[in-house]
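The values are calculated or read from the model by the stated rules, or taken from the named source; none is laboratory data. Values in this document were obtained by computation on a predicted structure and should not be read as measured data. Using ideal geometry, Cβ is built from the backbone for each residue, glycine included, and neighbour counts are taken over all protein chains shown.
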Amino acid sequence: MKMKKTDIGVVLFMYLVCGFFYYHMTKLKASSQTYPRFTIVLLFGLTTLYLVQMIIAAKKYGVESGVDEVFKDFKPAQFFVCLIASILYLVCIYFFGFYISTVLFMAVVLLYLKVPPLFSAITILVIVGLIYFAFQRFLGVKLPVGTVLKAMGK
Amino acid sequence: MLETLSLMGAGFLNALTPLNLLMMAAGVAMGIVIGCMPGLSAAMGVALMLPMTFTMKPETGLIVLGAIYCGAIFGGSISAILIHTPGTPASAATAIEGYQMTLRGHAGKALFTACYASFWGGLLSCISLYFFSPLLAKLTLKFMSAEYFWLSIFGLTIIAGVSAKSIVKGLMSGALGLLISTIGLDPITGVKRFMPSSYFAEGINTTCALIGLFSMSQVFILAEKEIKKRAQATRFSDKMSLSREERKTLRPTILRSWIIGNLIGILPGAGASIACFLGYNTSRQFSKHKEMFGKGSIEGVAGSEAANNAVTGGSLIPTLTLGIPGESVTAVLMGGLVIQGLTPGPELFGKYAPMTYTFFAGFVLVQFFMLGIGLIGCRGFAQISRLSDAILIPCVTVLCFVGSYAIHKNIMDIVVMLSFGVLGYLMRKLDLNTAAVVLALILGPIGEKGLRNALRTSRGSISVLFSSPVCWVLIALCLFGILSPLFMNKLEKKAEEEAEEVANPEELDNLTEEDSV
């Protein structure tokens, strides 16, 4: 099997994690260093082993990009809209509470993904209803009200 | 013996409360819905529903998770039979014969066979659950700190090999999880370790990590691909039943698949996706009607479905007794157990025996619910299986958010879940193993305690880790764990190739949609 360039990223990430944890580990008391040290050495050793495997594979079979395989059929616009919408949804929950944010988030994503408005409305109603009855009524979970609505209430 | 029998009886009485029965029905229905939708997995469903079980009694919570697990494994067969797309990998072999039966106008019969075989596979698997679990749990009474350390390493080596293309990458994922599990207060000295804020004092919230790694990452996987229209589910008008003669024919097939599925389930590192192909191939080898294979054989459907459902009970044995889940779903289930404050091992069969036996009884009853709900709701579930990814993406996202918030009612939990979602997505794209990270988060603290207590009693001498025969057995098992994926991959490949040979493409081409009802 050829070496994939994308795996260089994996190796670098793992070394970075090891370095980060090692740096912070040195600040700990000696008695608290034992186990983190063990796990860092383990991850470092395995990553190095994988690096050696990669080098051997590169020498034997050559190198390929790997990006085409990893991002096959990748729709960047759709992916990033969904990702950013999820992050904004989280921010919205903090300010406007769970229900308003959920309705907004679902409406935006459903319409963006070209779900007909009627189906979108039904989906939103079903999910909001499910959460209200299952989480709020049945399980007694108090969902966030949001700082803005809280301030307005006061 | 008498005590065990009385515990079993009491377990059934406890499981038969109206709330438990209601939860079983809801769990099975939810599991079937999740299982029949291509793109959603059993592990994802169990992870998503985990927060809902927090406020329940431990036994009720576990019954719900078990019901989702069984329902999802069976649910995969509905879309496999009606739209030729297995809902879960566990039903891949069912699609071969099941869809052929649909094309020939026997969709009802195929669905009944899948339901009937799943029921028997799951029910029979409970026998070994009852029989082997207490025996295996007793073994762990001999375990000291060093043994617990090796046991956690063994668990990691086993799961690291599953589903990862490279064993080293799987182990790297496990090691990364172990490192993440060190975030928080030192369990012995109370020193702050790698904590950016006091929120992380208790470490990374395992449930949030679970939801992120299994469910949120799946949302990102769905979001990156073009939203496709799913195939129309075949409307069928034939009766959902089997003749007495046909049921008689299926008996030996189901028995063989039960044994196969159960063994595969008990064996850590193997899972329902391997079992279904092995069950299918074995049913063909022993069939008196080999000519029917590839053209729509009920034995083929039964062989695959009985085997994948027999895995469910079998896979719970190492999970509950040793704390070693063999696959992703049981890793999530174990997370549910640990979150409820329960530790797998002898305690479950001693101090918590009433709870454990209630769960076992619930697991038996779940099979009956699966049969009933499966048969009654097949047509409806078939339509749900066509639900577009465009609807699934926001719905699952909202459930991930509300699920992770419900645990501690803290928005930071959603941040952690979302971060693990992104991490899980990248890990899956780069062939790293998310299940290994989850298991490491669960086993990490157990291993750490074991290692540090062992070193403390030996005054820092590492030799304590190699001091007992049990340690050496566990070390040998760790080596087996590292090497077993090589064997398992070969076994799966061989079974798949054999199954593909049966599903002759020419035969498939000759049968058009016009042949279907």
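Please verify whether A:S101 is within 10 Å of chain B (Cβ to nearest Cβ) and in contact (Cβ under 8 Å) with a residue 12 or more places away in the chain, treating the condition exactly as stated. When the stated conditions are applied, A:S101 passes them.
Could we say that A:F95 is in contact with a Gly (Cβ under 8 Å, 6 or more places away or on another chain), more than 7 Å from chain B (Cβ to nearest Cβ), at pLDDT 85 or above and surrounded by fewer than 18 Cβ atoms within 10 Å (Cβ to Cβ) here? When the stated conditions are applied, A:F95 passes them.
Yes or no, residue by residue, for (1) under 24 Å from B:G122 (Cβ atoms); (2) among the charged types (D, E, K, R); (3) touching a strand residue (DSSP E or B) at 6+ places or on another chain (Cβ under 8 Å):
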| residue | (1), (2), (3) |
| --- | --- |
| B:G170 | no, no, no |
| B:S181 | no, no, no |
| B:V191 | no, no, yes |
| B:G203 | no, no, yes |
| B:S217 | no, no, no |
| B:E224 | no, yes, no |
| B:S237 | no, no, no |
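Taken as a whole, the structure places B:T102 among residues that are buried (at least 24 other Cβ atoms within 10 Å of the Cβ), touching a residue at least 12 places away in the same chain (Cβ under 8 Å), away from chain A (no Cβ under 14 Å) and β-branched (V, I, T).
Taking the condition under 22 Å from the mean Cα position of the chain (by Cα), assigned by TED's automatic domain parsing to the domain that holds A:V17 and surrounded by 13 or more Cβ atoms within 10 Å (Cβ to Cβ), does A:L43 pass? Here the answer is yes, as A:L43 does meet what is asked. Please work out which residue is surrounded by the most Cβ atoms within 10 Å (Cβ to Cβ), limiting yourself to segment B:404-413 and to residues that are more than 7 Å from chain A (Cβ to nearest Cβ) and among the hydrophobic types (A, V, I, L, M, F, W, C). Across segment B:404-413, the extreme among qualifying residues is B:I407. Before we move on, is A:F20 within 9 Å of chain B (Cβ to nearest Cβ), surrounded by fewer than 17 Cβ atoms within 10 Å (Cβ to Cβ) and not in a helix (DSSP H, G or I)? Answer is no for this residue. When every residue of segment B:466-478 is checked against the conditions, at least one turns out to be touching a residue at least 24 places away in the same chain (Cβ under 8 Å), more than 21 Å from B:T330 (Cβ to Cβ) and out of contact with any Phe, Trp or Tyr (no Cβ under 9 Å at 6 or more places or on another chain).
In the set B:S128, B:S118, which member is surrounded by fewer than 24 Cβ atoms within 10 Å (Cβ to Cβ), polar (S, T, N, Q) and under 24 Å from the mean Cα position of the chain (by Cα)?
Testing whether each residue is surrounded by fewer than 24 Cβ atoms within 10 Å (Cβ to Cβ), polar (S, T, N, Q) and under 24 Å from the mean Cα position of the chain (by Cα) leaves just B:S128.
Reported count of residues in segment A:104-128, each being part of a helix (DSSP H, G or I) and at the interface with chain B (Cβ under 8 Å from one of its Cβ atoms), is 7. Taken over segment B:365-390, the criterion of being within 17 Å of B:A26 (Cα to Cα), among the hydrophobic types (A, V, I, L, M, F, W, C) and in contact with a Leu (Cβ under 7 Å, 6 or more places away or on another chain) is satisfied by B:C378 alone. When A:I56 is tested against the conditions (1) of a type in the set (V, I, T); (2) in contact (Cβ under 8 Å) with a residue 12 or more places away in the chain; (3) more than 7 Å from every other protein chain (Cβ to nearest Cβ), the lone failure is (2). When you check B:Y425 against the structure, is it in contact with a Phe, Trp or Tyr (Cβ under 6 Å, 6 or more places away or on another chain), within 14 Å of chain A (Cβ to nearest Cβ) and in a helix (DSSP H, G or I), yes or no? Taking the combined requirement at face value, the residue satisfies it.
Residue-by-condition table, conditions (1) farther than 30 Å from B:A80 by Cβ; (2) at the interface with chain A (Cβ under 8 Å from one of its Cβ atoms); (3) not in a helix (DSSP H, G or I):
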{"residue": "B:F369", "(1), (2), (3)": "no, no, no"}
{"residue": "B:G374", "(1), (2), (3)": "no, no, no"}
{"residue": "B:C378", "(1), (2), (3)": "no, no, no"}
{"residue": "B:T397", "(1), (2), (3)": "no, yes, no"}
{"residue": "B:V402", "(1), (2), (3)": "yes, yes, no"}
{"residue": "B:V415", "(1), (2), (3)": "yes, yes, no"}
{"residue": "B:L418", "(1), (2), (3)": "yes, yes, no"}
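Taking the conditions (1) farther than 30 Å from B:I188 by Cβ; (2) within 10 Å of chain B (Cβ to nearest Cβ) in turn, A:E64 satisfies each one other than (2).
Note on segment B:183-283: enclosed helices (runs of 4 or more DSSP H) holding 1 or more residues that are among the charged types (D, E, K, R) and more than 21 Å from the chain's Cα centre (by Cα) are B:217-224, B:244-266.
Among the numbered conditions (1) within 14 Å of chain A (Cβ to nearest Cβ); (2) buried (at least 17 other Cβ atoms within 10 Å of the Cβ); (3) among the polar types (S, T, N, Q), the only one that B:T189 does not meet is (2). Note on segment A:132-154: among residues that are more than 10 Å from every other protein chain (Cβ to nearest Cβ) and not in a helix (DSSP H, G or I), the one that is farthest from the chain's Cα centre (by Cα) is A:K154.
B:I324 falls short on exactly one of the conditions (1) modelled with pLDDT of 85 or more; (2) within 17 Å of the chain's Cα centre (by Cα), and that condition is (1).
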